[in-house]
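Student: I am attaching a structure below and will ask some questions about it afterwards.
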Amino acid sequence: MAAPVIDVHTHMLTREWVELLSLHGGPTYELREVRGGLKAIHMDGSPFMTPVPAMFDWELRIATMDKHGLDLSITSLSCPNVYWGGPEVSLKAARIMNDDMAKAQKQWPDRIRWFASLPWQHADLALEELKRACDAGAVGVMVLANIGGKALTDPCFDPIWKVIDERKLPVLVHPTAPPGSRELGMHEFQLTAPIGFTFDTSLAVARCIYDGFFDRFPNLKLIASHGGGALPYLVGRLDICWRNIPAASAKTKRPPSDYMRHVYVDSVVFQQSVLALALEVCGEENVLYGSDYPHTIGDIPGCLSRVDALPGAVRDKVRGLNARRIFRL
């Protein structure tokens, strides 16, 4: 009997969250129509996240899970999460999404779990909401790869990381538009999705590795979205820089490739060879099934078919046994 399929990278929204973003997200964030007729959220003029109808429809989610053989979805908010609008609005946005996901878990207790969203830029409020969300059933925390342009390793976030580490909660590190998107020309061809996102994740996790983050917070289980961005491809380069550039090894005693064995990655990659590389770099205990449903480039069957093409024992770990272990399901 095959292992259950647990989707660790899959998103939901609410209309109330979108309305709040429309009212309070400016001038950085705004909704504008893009080619194809949908309205996309833009950051500094660059489109980077497109809400689609399925993101608002829990009944459709369950039906889609049934159709494709997904046993459990661990849902999360997508970018730009709740890092806008000031303390009161940011907290309200987090509570809107956390309450909606908690309600869905109660309605489908065998099918839905969720990552808490937090107003990370306001540490006291974030810690209050973390406790409230965990009491309501959250099994992990979501964070964007940069928080209003600040790195995840910024000392202002340490109180939040400390509690997450103590609780041994998995953290989904999801990209957003990278800082400097306007200067990088991310508005052309909607480059944020193919390039900007993977760059944002790679930079965030590489900085965590070089900064000694995993030594300071030894219980952390970071899940780097989209197969870890470009890090599996670049890990050799990270290592040679660590060996030859003093600044790169100033805070760690082990090479980056060692720390990559402590990073979890999802299967939201679109080539079998890339999935194989993620397994090689991170280890078969650290790769988790994800689909990125229902984003426009989400791919439940494709991501699952690549996982199912793996050798039996590895396949079962990636399908769901690894997720069951780290989320304590």
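The values are calculated or read from the model by the stated rules, or taken from the named source; none is laboratory data. Only a predicted model underlies this, so the values are computations on that prediction, with no experimental measurement involved. Note: ideal-geometry Cβ built from the backbone for every residue, glycine included; neighbour counts use all protein chains shown.
Student: State whether one or more residues within the stretch 213-226 are among the charged types (D, E, K, R), part of a helix (DSSP H, G or I) and touching a Pro at 6+ places or on another chain (Cβ under 8 Å).
Tutor: There is no residue in the stretch 213-226 that is among the charged types (D, E, K, R), part of a helix (DSSP H, G or I) and touching a Pro at 6+ places or on another chain (Cβ under 8 Å).
Student: Read through the list (1) modelled with pLDDT of 95 or more; (2) surrounded by 19 or more Cβ atoms within 10 Å (Cβ to Cβ); (3) under 30 Å from Arg306 (Cα atoms), then give the number of the only condition that Asp110 fails.
Tutor: Among (1) modelled with pLDDT of 95 or more; (2) surrounded by 19 or more Cβ atoms within 10 Å (Cβ to Cβ); (3) under 30 Å from Arg306 (Cα atoms), the lone unmet condition for Asp110 is (2).
Student: If you don't mind, another one. State whether the residues of the stretch 201-219 include one that is touching a residue at least 60 places away in the same chain (Cβ under 8 Å) and within 18 Å of His11 (Cβ to Cβ).
Tutor: no
Student: Can you tell me which residue within the stretch 68-102, out of those that are assigned to a loop (DSSP other than H, G, I, E, B) and hydroxyl-bearing (Ser, Thr, Tyr), is nearest to Leu304 (Cα to Cα)? Reasoning before the result, please.
Tutor: Step one: filter the stretch 68-102 for residues assigned to a loop (DSSP other than H, G, I, E, B), giving 69-71, 77-85.
Among the residues that remain, those that are also hydroxyl-bearing (Ser, Thr, Tyr) are: 78, 83.
Details: Ser78: 21, Tyr83: 32 Å.
Residue satisfying both the conditions and the ranking: Ser78.
Student: Picking from Asp239, Asp266, which residue would you name as being of a type in the set (Asp, Glu) and free of Cβ contacts under 8 Å to residues at least 24 places away in the same chain?
Tutor: Asp239
Student: Looking at (1) over 22 Å from the mean Cα position of the chain (by Cα); (2) part of a strand (DSSP E or B); (3) not small (Gly, Ala, Ser), which one does Thr10 not meet, given that it meets all the others?
Tutor: Thr10 satisfies all of (1) over 22 Å from the mean Cα position of the chain (by Cα); (2) part of a strand (DSSP E or B); (3) not small (Gly, Ala, Ser) except (1).
Student: For the stretch 299-321, indicate whether the set of residues that are touching a Leu at 6+ places or on another chain (Cβ under 6 Å) and either within 19 Å of Thr198 (Cβ to Cβ) or at pLDDT 95 or above (or both) is non-empty.
Tutor: The answer is yes; a qualifying residue exists.
Student: Scan the stretch 166-184 and tell me whether some residue there is within 19 Å of Asp44 (Cβ to Cβ), in contact with a helix residue (DSSP H, G or I) (Cβ under 8 Å, 6 or more places away or on another chain) and among the β-branched types (Val, Ile, Thr).
Tutor: Scanning the stretch 166-184 turns up at least one residue that is within 19 Å of Asp44 (Cβ to Cβ), in contact with a helix residue (DSSP H, G or I) (Cβ under 8 Å, 6 or more places away or on another chain) and among the β-branched types (Val, Ile, Thr).
Student: If you don't mind, there's one more thing I want to ask. Name the single residue, out of those in the stretch 5-22 being out of contact with any strand residue (DSSP E or B) (no Cβ under 7 Å at 6 or more places or on another chain) and without any contact (Cβ under 8 Å) to a residue 60 or more places away in the chain, that is surrounded by the most Cβ atoms within 10 Å (Cβ to Cβ).
Tutor: First, the residues of the stretch 5-22 that are out of contact with any strand residue (DSSP E or B) (no Cβ under 7 Å at 6 or more places or on another chain): 5, 13-20.
Those still in the list that are without any contact (Cβ under 8 Å) to a residue 60 or more places away in the chain too: 15, 18-19.
Values: Arg15: 10, Val18: 17, Glu19: 11.
Of everything passing the filter in the stretch 5-22, Val18 is surrounded by the most Cβ atoms within 10 Å (Cβ to Cβ).
Student: For residues that are in a helix (DSSP H, G or I) and either closer than 19 Å to His9 by Cβ or among the β-branched types (Val, Ile, Thr) (or both), tally how many sit in the stretch 176-200. Please lay out each step first, then the result.
Tutor: So the first thing to find is which residues in the stretch 176-200 are in a helix (DSSP H, G or I), and the list is 181-184, 188-190, 192-200.
Filter again for either closer than 19 Å to His9 by Cβ or among the β-branched types (Val, Ile, Thr) (or both), leaving 192-200.
So the count comes out to 9.
Student: Now, a different point. Here is a list of conditions, (1) touching a Pro at 6+ places or on another chain (Cβ under 7 Å); (2) surrounded by fewer than 18 Cβ atoms within 10 Å (Cβ to Cβ), and Leu238 meets all of them except one; can you say which number that is?
Tutor: It is condition (2) that Leu238 fails.
Student: Residues that are assigned to a helix (DSSP H, G or I), of a type in the set (D, E, K, R), surrounded by fewer than 16 Cβ atoms within 10 Å (Cβ to Cβ) and at negative phi: does the stretch 243-253 have at least one?
Tutor: Yes; the residues of the stretch 243-253 include at least one that is assigned to a helix (DSSP H, G or I), of a type in the set (D, E, K, R), surrounded by fewer than 16 Cβ atoms within 10 Å (Cβ to Cβ) and at negative phi.
Student: Could you tell me how many of the residues in the stretch 146-170 are more than 22 Å from Leu231 (Cβ to Cβ) and not in a loop (DSSP other than H, G, I, E, B)?
Tutor: Count: 9.
Student: Residues Val143, Val173: which one is touching a Leu at 6+ places or on another chain (Cβ under 6 Å) and either assigned to a helix (DSSP H, G or I) or buried (at least 19 other Cβ atoms within 10 Å of the Cβ) (or both)?
Tutor: Val173
Yes/no matrix, rows are residues, columns are (1) touching a His at 6+ places or on another chain (Cβ under 7 Å); (2) touching a residue at least 12 places away in the same chain (Cβ under 8 Å); (3) surrounded by fewer than 17 Cβ atoms within 10 Å (Cβ to Cβ):
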position	(1), (2), (3)
Ala3	no, yes, no
Lys39	no, yes, yes
Met49	no, yes, no
Ser76	yes, yes, no
Ala93	no, yes, no
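Student: Suppose we filter Ser273, Ser267, Ser257 for residues that are among the small types (Gly, Ala, Ser), within 12 Å of Ala206 (Cα to Cα) and at pLDDT 95 or above; which single one remains?
Tutor: Step by step, each of Ser273, Ser267, Ser257 is checked, and only Ser257 is among the small types (Gly, Ala, Ser), within 12 Å of Ala206 (Cα to Cα) and at pLDDT 95 or above.
Student: Scan the stretch 298-322 and report the pairs whose first residue is without any contact (Cβ under 8 Å) to a residue 40 or more places away in the chain and whose second residue is surrounded by 23 or more Cβ atoms within 10 Å (Cβ to Cβ) and part of a loop (DSSP other than H, G, I, E, B), with Cβ atoms within less than 7 Å and a gap of 6+ or a chain change.
Tutor: Asp299/Ser291; Cys303/Ser267; Cys303/Val268; Cys303/Tyr289; Cys303/Gly290; Cys303/Ser291; Arg306/Ser267
Student: I'd like the full set of residues that are under 20 Å from His9 (Cα atoms) and crowded, with 19+ Cβ neighbours inside 10 Å, limited to the stretch 121-140.
Tutor: Selection gives Leu130, Ala133, Ala138, Val139, Gly140.
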